[in-house]
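These notes concern the structure reproduced below.
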Amino acid sequence: MADRLFEAMIDANHRALAGDPDAGLHPADYDDELPLVALTCVDARLNALLPQALGVPAEQFIWLRNAGNIITGTMSSTMRSLALACAVKGGKEIVIIGHTDCQVGKTTAMQLIDRFHALGIERHMLPDNLNEYFGIFGSDRQNVLKAVELARSSPLIGPKIPVQGLLIDIETGKLEWLVNGYQTLGAAASPWNQLAQAVGPAADALKPLTGFNLGEMKFPEGKIGEMASEIGQEILQRIQHAPLASTVPPSPAQSPGSAGKISVPTGFNLGELKFPETKIGDVVSSIGKEISHRFAQGRAVSGTQVKVTQPVAAPPKIPLPPRLKPKMQMRRNPK
(Lines give C-alpha, C1' and ligand atoms only; values in the text may rest on other atoms or scores of the structure.)
Protein backbone atom coordinates (compact mmCIF):
# COMPACT_ATOMS: atom_id res chain seq x y z
CA MET A 1 0.00 0.00 0.00
CA ALA A 2 1.23 3.46 -0.89
CA ASP A 3 2.10 5.65 2.06
CA ARG A 4 -0.21 8.58 1.20
CA LEU A 5 -3.59 9.05 -0.46
CA PHE A 6 -2.44 10.85 -3.60
CA GLU A 7 0.45 8.49 -4.18
CA ALA A 8 -2.04 5.61 -4.28
CA MET A 9 -4.52 7.67 -6.30
CA ILE A 10 -2.08 8.54 -9.10
CA ASP A 11 -0.77 5.00 -9.21
CA ALA A 12 -4.27 3.51 -9.47
CA ASN A 13 -5.30 6.03 -12.13
CA HIS A 14 -2.30 5.31 -14.37
CA ARG A 15 -2.61 1.54 -13.94
CA ALA A 16 -6.30 1.62 -14.85
CA LEU A 17 -5.63 3.62 -18.01
CA ALA A 18 -2.90 1.13 -18.93
CA GLY A 19 -5.49 -1.67 -18.82
CA ASP A 20 -4.81 -3.19 -15.40
CA PRO A 21 -8.15 -4.77 -14.33
CA ASP A 22 -7.02 -4.94 -10.71
CA ALA A 23 -6.18 -1.24 -10.49
CA GLY A 24 -8.18 0.77 -8.00
CA LEU A 25 -8.04 2.84 -4.85
CA HIS A 26 -9.08 1.43 -1.51
CA PRO A 27 -10.45 4.51 0.32
CA ALA A 28 -10.83 2.61 3.58
CA ASP A 29 -7.04 2.48 3.81
CA TYR A 30 -6.90 6.30 3.86
CA ASP A 31 -9.63 7.28 6.29
CA ASP A 32 -7.32 9.72 8.04
CA GLU A 33 -6.85 11.65 4.77
CA LEU A 34 -10.51 11.86 3.77
CA PRO A 35 -12.77 13.65 3.03
CA LEU A 36 -11.03 15.42 0.18
CA VAL A 37 -11.75 19.07 -0.67
CA ALA A 38 -11.49 19.72 -4.41
CA LEU A 39 -11.66 22.93 -6.44
CA THR A 40 -12.39 22.40 -10.13
CA CYS A 41 -13.77 24.25 -13.12
CA VAL A 42 -17.50 24.43 -13.85
CA ASP A 43 -16.98 22.67 -17.18
CA ALA A 44 -19.84 20.16 -17.51
CA ARG A 45 -17.50 17.58 -19.04
CA LEU A 46 -16.01 17.05 -15.59
CA ASN A 47 -19.31 15.71 -14.27
CA ALA A 48 -18.68 12.27 -15.76
CA LEU A 49 -15.00 12.19 -14.72
CA LEU A 50 -14.96 13.30 -11.10
CA PRO A 51 -14.72 11.96 -8.51
CA GLN A 52 -14.48 8.56 -10.25
CA ALA A 53 -11.13 9.34 -11.88
CA LEU A 54 -9.70 9.93 -8.42
CA GLY A 55 -11.22 6.76 -7.00
CA VAL A 56 -12.78 8.69 -4.12
CA PRO A 57 -16.37 7.96 -3.01
CA ALA A 58 -18.81 10.79 -3.68
CA GLU A 59 -19.62 11.13 0.03
CA GLN A 60 -15.91 11.74 0.72
CA PHE A 61 -15.54 14.32 -2.06
CA ILE A 62 -16.28 17.94 -1.09
CA TRP A 63 -16.60 19.53 -4.52
CA LEU A 64 -16.13 23.30 -4.96
CA ARG A 65 -16.36 24.76 -8.46
CA ASN A 66 -15.84 28.07 -10.22
CA ALA A 67 -15.13 29.11 -13.80
CA GLY A 68 -11.53 28.10 -14.50
CA ASN A 69 -10.76 26.74 -10.98
CA ILE A 70 -9.27 30.18 -10.30
CA ILE A 71 -8.05 31.59 -6.99
CA THR A 72 -7.48 35.33 -7.14
CA GLY A 73 -6.08 35.94 -3.67
CA THR A 74 -5.19 34.43 -0.30
CA MET A 75 -8.30 35.99 1.27
CA SER A 76 -10.67 35.62 -1.68
CA SER A 77 -14.18 34.17 -1.46
CA THR A 78 -12.92 30.92 -3.00
CA MET A 79 -10.27 30.68 -0.30
CA ARG A 80 -12.94 31.27 2.32
CA SER A 81 -14.93 28.31 0.97
CA LEU A 82 -11.85 26.07 0.96
CA ALA A 83 -11.05 27.07 4.53
CA LEU A 84 -14.62 26.43 5.74
CA ALA A 85 -14.70 23.09 3.94
CA CYS A 86 -11.73 22.05 6.10
CA ALA A 87 -12.74 23.74 9.36
CA VAL A 88 -16.47 22.93 9.28
CA LYS A 89 -16.83 19.96 6.91
CA GLY A 90 -13.72 18.19 8.14
CA GLY A 91 -11.70 18.19 4.91
CA LYS A 92 -8.27 16.64 5.44
CA GLU A 93 -6.59 17.57 2.13
CA ILE A 94 -7.14 20.18 -0.59
CA VAL A 95 -6.64 19.55 -4.29
CA ILE A 96 -6.81 22.10 -7.11
CA ILE A 97 -7.78 20.26 -10.29
CA GLY A 98 -7.33 21.93 -13.65
CA HIS A 99 -8.28 20.31 -16.92
CA THR A 100 -7.11 20.35 -20.51
CA ASP A 101 -9.04 22.31 -23.16
CA CYS A 102 -10.34 24.82 -20.59
CA GLN A 103 -12.49 27.41 -22.37
CA VAL A 104 -11.84 30.02 -19.68
CA GLY A 105 -8.13 29.82 -20.37
CA LYS A 106 -8.72 30.17 -24.10
CA THR A 107 -10.79 33.35 -23.73
CA THR A 108 -8.91 36.64 -24.13
CA ALA A 109 -9.89 39.93 -22.52
CA MET A 110 -11.21 41.30 -25.82
CA GLN A 111 -13.30 38.19 -26.41
CA LEU A 112 -14.64 38.49 -22.89
CA ILE A 113 -15.69 42.09 -23.56
CA ASP A 114 -17.49 41.00 -26.73
CA ARG A 115 -19.30 38.17 -24.94
CA PHE A 116 -20.43 40.46 -22.14
CA HIS A 117 -21.60 42.95 -24.78
CA ALA A 118 -23.74 40.19 -26.32
CA LEU A 119 -25.35 39.81 -22.90
CA GLY A 120 -26.12 43.52 -22.74
CA ILE A 121 -23.23 44.37 -20.41
CA GLU A 122 -21.14 47.26 -21.74
CA ARG A 123 -17.41 47.74 -21.11
CA HIS A 124 -17.87 50.63 -18.66
CA MET A 125 -19.91 48.33 -16.43
CA LEU A 126 -17.02 45.88 -16.07
CA PRO A 127 -13.97 46.18 -13.79
CA ASP A 128 -11.03 48.16 -15.18
CA ASN A 129 -8.58 45.27 -14.92
CA LEU A 130 -10.36 42.30 -16.47
CA ASN A 131 -7.35 39.98 -16.28
CA GLU A 132 -6.94 40.50 -12.55
CA TYR A 133 -10.63 40.45 -11.63
CA PHE A 134 -11.60 37.40 -13.68
CA GLY A 135 -8.24 35.65 -13.26
CA ILE A 136 -7.76 35.17 -16.99
CA PHE A 137 -4.90 32.77 -17.67
CA GLY A 138 -3.10 31.40 -20.69
CA SER A 139 -1.86 28.05 -19.38
CA ASP A 140 -3.88 25.37 -17.62
CA ARG A 141 -0.79 24.18 -15.75
CA GLN A 142 0.32 27.64 -14.66
CA ASN A 143 -3.19 28.37 -13.43
CA VAL A 144 -3.09 25.32 -11.15
CA LEU A 145 0.39 26.17 -9.90
CA LYS A 146 -0.69 29.72 -9.05
CA ALA A 147 -3.85 28.54 -7.29
CA VAL A 148 -1.90 26.03 -5.18
CA GLU A 149 0.64 28.68 -4.22
CA LEU A 150 -2.09 31.08 -3.10
CA ALA A 151 -3.86 28.36 -1.13
CA ARG A 152 -0.65 27.22 0.54
CA SER A 153 0.27 30.79 1.53
CA SER A 154 -3.21 31.71 2.78
CA PRO A 155 -3.45 32.34 6.53
CA LEU A 156 -6.83 30.56 6.40
CA ILE A 157 -5.26 27.21 5.53
CA GLY A 158 -3.46 25.56 8.39
CA PRO A 159 0.00 23.98 8.08
CA LYS A 160 -1.50 20.50 8.63
CA ILE A 161 -3.53 20.58 5.39
CA PRO A 162 -1.68 19.33 2.27
CA VAL A 163 -2.52 21.32 -0.88
CA GLN A 164 -2.22 19.24 -4.05
CA GLY A 165 -2.27 20.29 -7.69
CA LEU A 166 -3.63 18.05 -10.46
CA LEU A 167 -4.31 18.37 -14.17
CA ILE A 168 -6.86 15.97 -15.64
CA ASP A 169 -7.07 15.12 -19.32
CA ILE A 170 -10.64 15.97 -20.30
CA GLU A 171 -10.68 13.21 -22.93
CA THR A 172 -9.08 10.27 -21.12
CA GLY A 173 -9.37 11.11 -17.42
CA LYS A 174 -5.61 10.68 -16.89
CA LEU A 175 -4.28 12.56 -13.88
CA GLU A 176 -1.02 14.53 -13.89
CA TRP A 177 0.35 15.37 -10.45
CA LEU A 178 1.63 18.93 -10.83
CA VAL A 179 2.18 19.81 -7.16
CA ASN A 180 3.01 17.27 -4.47
CA GLY A 181 1.47 18.79 -1.37
CA TYR A 182 3.23 16.34 0.91
CA GLN A 183 6.62 17.78 -0.05
CA THR A 184 5.58 21.27 1.02
CA LEU A 185 3.67 20.11 4.10
CA GLY A 186 5.01 21.87 7.17
CA ALA A 187 6.57 24.60 5.06
CA ALA A 188 5.54 28.21 5.52
CA ALA A 189 1.75 28.15 5.43
CA SER A 190 1.21 31.89 5.67
CA PRO A 191 3.10 35.17 5.15
CA TRP A 192 3.56 35.45 8.91
CA ASN A 193 5.18 32.01 9.12
CA GLN A 194 7.36 32.91 6.13
CA LEU A 195 8.46 36.03 7.96
CA ALA A 196 9.21 34.11 11.16
CA GLN A 197 11.30 31.55 9.28
CA ALA A 198 13.17 34.19 7.31
CA VAL A 199 13.95 36.21 10.43
CA GLY A 200 15.03 33.11 12.34
CA PRO A 201 18.81 33.41 11.70
CA ALA A 202 18.78 37.13 12.41
CA ALA A 203 16.81 36.59 15.61
CA ASP A 204 19.86 34.85 17.07
CA ALA A 205 21.85 38.04 16.51
CA LEU A 206 19.21 39.94 18.47
CA LYS A 207 19.61 37.83 21.63
CA PRO A 208 21.59 40.58 23.39
CA LEU A 209 18.50 42.79 23.05
CA THR A 210 16.55 41.22 25.90
CA GLY A 211 12.80 41.23 25.40
CA PHE A 212 12.91 41.80 21.63
CA ASN A 213 10.84 38.99 20.14
CA LEU A 214 9.63 39.25 16.55
CA GLY A 215 7.25 36.36 17.13
CA GLU A 216 5.24 38.43 19.64
CA MET A 217 4.68 41.37 17.33
CA LYS A 218 1.01 42.23 16.82
CA PHE A 219 -0.31 43.96 13.73
CA PRO A 220 -3.78 45.26 12.87
CA GLU A 221 -5.68 44.09 9.84
CA GLY A 222 -5.26 46.56 7.02
CA LYS A 223 -3.69 47.33 3.69
CA ILE A 224 -0.11 46.39 2.93
CA GLY A 225 1.03 50.01 3.19
CA GLU A 226 -0.54 50.44 6.62
CA MET A 227 0.80 47.08 7.75
CA ALA A 228 4.30 48.02 6.61
CA SER A 229 4.16 51.21 8.64
CA GLU A 230 3.03 49.32 11.74
CA ILE A 231 5.78 46.71 11.34
CA GLY A 232 8.43 49.39 11.06
CA GLN A 233 7.15 51.32 14.07
CA GLU A 234 6.90 48.15 16.15
CA ILE A 235 10.47 47.07 15.40
CA LEU A 236 11.84 50.55 16.06
CA GLN A 237 9.94 50.88 19.33
CA ARG A 238 11.12 47.50 20.63
CA ILE A 239 14.73 48.23 19.71
CA GLN A 240 14.46 51.62 21.41
CA HIS A 241 13.15 50.15 24.69
CA ALA A 242 15.42 47.09 24.73
CA PRO A 243 18.18 47.12 27.39
CA LEU A 244 21.58 48.08 26.07
CA ALA A 245 23.93 45.11 25.66
CA SER A 246 27.05 47.01 24.69
CA THR A 247 28.18 50.53 24.02
CA VAL A 248 29.61 52.28 21.03
CA PRO A 249 32.99 53.90 21.78
CA PRO A 250 33.10 57.67 21.34
CA SER A 251 34.71 59.09 18.24
CA PRO A 252 37.52 61.65 18.54
CA ALA A 253 35.00 64.40 17.90
CA GLN A 254 32.77 63.24 20.78
CA SER A 255 33.24 63.70 24.47
CA PRO A 256 33.74 60.60 26.63
CA GLY A 257 30.34 61.16 28.18
CA SER A 258 28.65 60.62 24.82
CA ALA A 259 29.52 56.91 24.74
CA GLY A 260 26.81 54.35 25.39
CA LYS A 261 24.01 56.26 23.67
CA ILE A 262 23.01 53.26 21.56
CA SER A 263 23.74 49.53 21.45
CA VAL A 264 23.66 47.57 18.19
CA PRO A 265 24.70 43.90 17.86
CA THR A 266 27.87 43.54 15.83
CA GLY A 267 27.22 42.61 12.21
CA PHE A 268 23.43 42.85 12.53
CA ASN A 269 21.86 44.73 9.65
CA LEU A 270 18.12 44.51 9.08
CA GLY A 271 18.65 45.76 5.55
CA GLU A 272 20.55 42.58 4.70
CA LEU A 273 17.77 40.21 5.77
CA LYS A 274 16.38 38.08 2.93
CA PHE A 275 12.71 37.26 2.73
CA PRO A 276 10.65 35.08 0.36
CA GLU A 277 9.77 36.60 -3.02
CA THR A 278 6.22 37.54 -2.11
CA LYS A 279 4.45 40.81 -1.61
CA ILE A 280 4.77 40.60 2.15
CA GLY A 281 8.44 39.62 1.73
CA ASP A 282 9.06 42.72 -0.40
CA VAL A 283 7.33 44.89 2.20
CA VAL A 284 9.36 43.58 5.11
CA SER A 285 12.64 43.76 3.16
CA SER A 286 11.93 47.42 2.44
CA ILE A 287 11.27 48.01 6.13
CA GLY A 288 14.61 46.46 7.07
CA LYS A 289 16.49 48.61 4.60
CA GLU A 290 14.74 51.75 5.83
CA ILE A 291 15.55 50.99 9.46
CA SER A 292 19.21 50.35 8.64
CA HIS A 293 19.32 53.55 6.63
CA ARG A 294 17.97 55.50 9.59
CA PHE A 295 20.59 54.01 11.90
CA ALA A 296 23.34 54.89 9.44
CA GLN A 297 22.15 58.45 8.98
CA GLY A 298 21.64 59.05 12.71
CA ARG A 299 18.07 60.19 12.36
CA ALA A 300 15.71 60.62 15.30
CA VAL A 301 13.84 57.41 16.05
CA SER A 302 10.68 57.69 18.16
CA GLY A 303 12.00 60.83 19.85
CA THR A 304 15.48 59.42 20.59
CA GLN A 305 18.43 60.84 18.66
CA VAL A 306 20.70 58.07 17.37
CA LYS A 307 24.36 59.09 17.58
CA VAL A 308 26.83 58.25 14.84
CA THR A 309 30.45 57.46 15.61
CA GLN A 310 31.96 59.59 12.85
CA PRO A 311 31.74 63.39 13.10
CA VAL A 312 29.81 65.08 10.35
CA ALA A 313 31.84 67.88 8.79
CA ALA A 314 30.12 71.24 9.01
CA PRO A 315 29.46 72.92 5.66
CA PRO A 316 31.98 75.63 4.77
CA LYS A 317 30.93 79.15 5.65
CA ILE A 318 30.35 81.43 2.71
CA PRO A 319 31.56 84.98 3.44
CA LEU A 320 28.86 87.58 3.18
CA PRO A 321 29.37 90.46 0.75
CA PRO A 322 30.16 93.86 2.27
CA ARG A 323 27.24 96.04 3.16
CA LEU A 324 26.15 98.57 0.60
CA LYS A 325 26.22 102.11 1.89
CA PRO A 326 23.57 104.43 0.49
CA LYS A 327 24.92 107.43 -1.38
CA MET A 328 24.02 110.82 -0.01
CA GLN A 329 22.85 113.30 -2.58
CA MET A 330 23.30 116.94 -1.74
CA ARG A 331 20.87 119.34 -3.31
CA ARG A 332 22.03 122.82 -3.83
CA ASN A 333 19.64 125.68 -3.56
CA PRO A 334 18.85 126.96 -7.01
CA LYS A 335 20.19 130.38 -7.74
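The values are calculated or read from the model by the stated rules, or taken from the named source; none is laboratory data. Everything quoted here is computed from the prediction, not taken from an experiment. Counting neighbours? That spans all protein chains shown, and the Cβs are built from the backbone with ideal geometry, glycine included. Remember, those area values only see protein heavy atoms, side chains included, never the ligands or the DNA or RNA. Shrake-Rupley method; radii C 1.70, N 1.55, O 1.52, S 1.80 Å.
Restrict the check to segment 126-135 and report whether at least one residue is open to solvent by 30 Å² or more (accessible area, probe 1.4 Å) and part of a strand (DSSP E or B). Within segment 126-135, none of the residues are open to solvent by 30 Å² or more (accessible area, probe 1.4 Å) and part of a strand (DSSP E or B). Against the conditions (1) farther than 27 Å from residue 105 by Cα; (2) surrounded by 15 or more Cβ atoms within 10 Å (Cβ to Cβ), residue 26 satisfies every one except (2). Show the residue pairs that are 6+ apart or on different chains and have beta-carbon atoms under 7 Å apart, the first residue being within segment 38-52 and closer than 16 Å to residue 172 by Cβ, the second being of a type in the set (A, V, I, L, M, F, W, C) and assigned to a loop (DSSP other than H, G, I, E, B). Listed pairs, sorted by first residue: 43/102; 45/170. The residue that is farthest from residue 47 (Cα to Cα), among those in segment 94-110 that are among the β-branched types (Val, Ile, Thr) and at pLDDT below 95, is 108. Exactly one residue out of 32, 20 is part of a helix (DSSP H, G or I), farther than 21 Å from residue 147 by Cα and among the charged types (D, E, K, R): that is 32. Going by what's in this entry, would residue 138 be described as in contact with a helix residue (DSSP H, G or I) (Cβ under 9 Å, 6 or more places away or on another chain), touching a residue at least 24 places away in the same chain (Cβ under 8 Å) and open to solvent by 70 Å² or more (accessible area, probe 1.4 Å)? Against the criterion (in contact with a helix residue (DSSP H, G or I) (Cβ under 9 Å, 6 or more places away or on another chain), touching a residue at least 24 places away in the same chain (Cβ under 8 Å) and open to solvent by 70 Å² or more (accessible area, probe 1.4 Å)), residue 138 qualifies. Does segment 100-110 contain any residue that is closer than 28 Å to residue 35 by Cα and touching a strand residue (DSSP E or B) at 6+ places or on another chain (Cβ under 6 Å)? The answer is no, given that none of the residues of segment 100-110 is closer than 28 Å to residue 35 by Cα and touching a strand residue (DSSP E or B) at 6+ places or on another chain (Cβ under 6 Å).
Taking each residue of segment 159-174 that is in contact (Cβ under 8 Å) with a residue 24 or more places away in the chain and looking for partners that are in a strand (DSSP E or B) and among the charged types (D, E, K, R) with beta-carbon atoms closer than 9 Å, six or more apart or interchain, yields 161/93; 162/93; 163/93; 164/93; 166/176; 167/176; 168/176; 169/176.
Residue 73 passes every criterion in (1) touching a Leu at 6+ places or on another chain (Cβ under 7 Å); (2) in a loop (DSSP other than H, G, I, E, B); (3) open to solvent by 30 Å² or more (accessible area, probe 1.4 Å) apart from (3).
Residues are listed down the side, and each one gets a yes or a no for (1) open to solvent by less than 70 Å² (accessible area, probe 1.4 Å); (2) in a loop (DSSP other than H, G, I, E, B):
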residue: 42; (1), (2): no, yes
residue: 53; (1), (2): yes, no
residue: 56; (1), (2): yes, yes
residue: 80; (1), (2): no, no
residue: 91; (1), (2): yes, yes
residue: 95; (1), (2): yes, no
residue: 104; (1), (2): yes, no
residue: 110; (1), (2): no, no
residue: 120; (1), (2): yes, yes
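Within segment 1-23, the set of residues being buried (at least 19 other Cβ atoms within 10 Å of the Cβ) and closer than 26 Å to residue 83 by Cα comprises 5, 6, 8, 9, 10. Out of 155, 162, one residue alone is surrounded by 17 or more Cβ atoms within 10 Å (Cβ to Cβ) and modelled with pLDDT of 95 or more. It is 162.
The combined condition, being modelled with pLDDT of 95 or more, open to solvent by less than 50 Å² (accessible area, probe 1.4 Å) and out of contact with any helix residue (DSSP H, G or I) (no Cβ under 7 Å at 6 or more places or on another chain), is fulfilled by residue 38.
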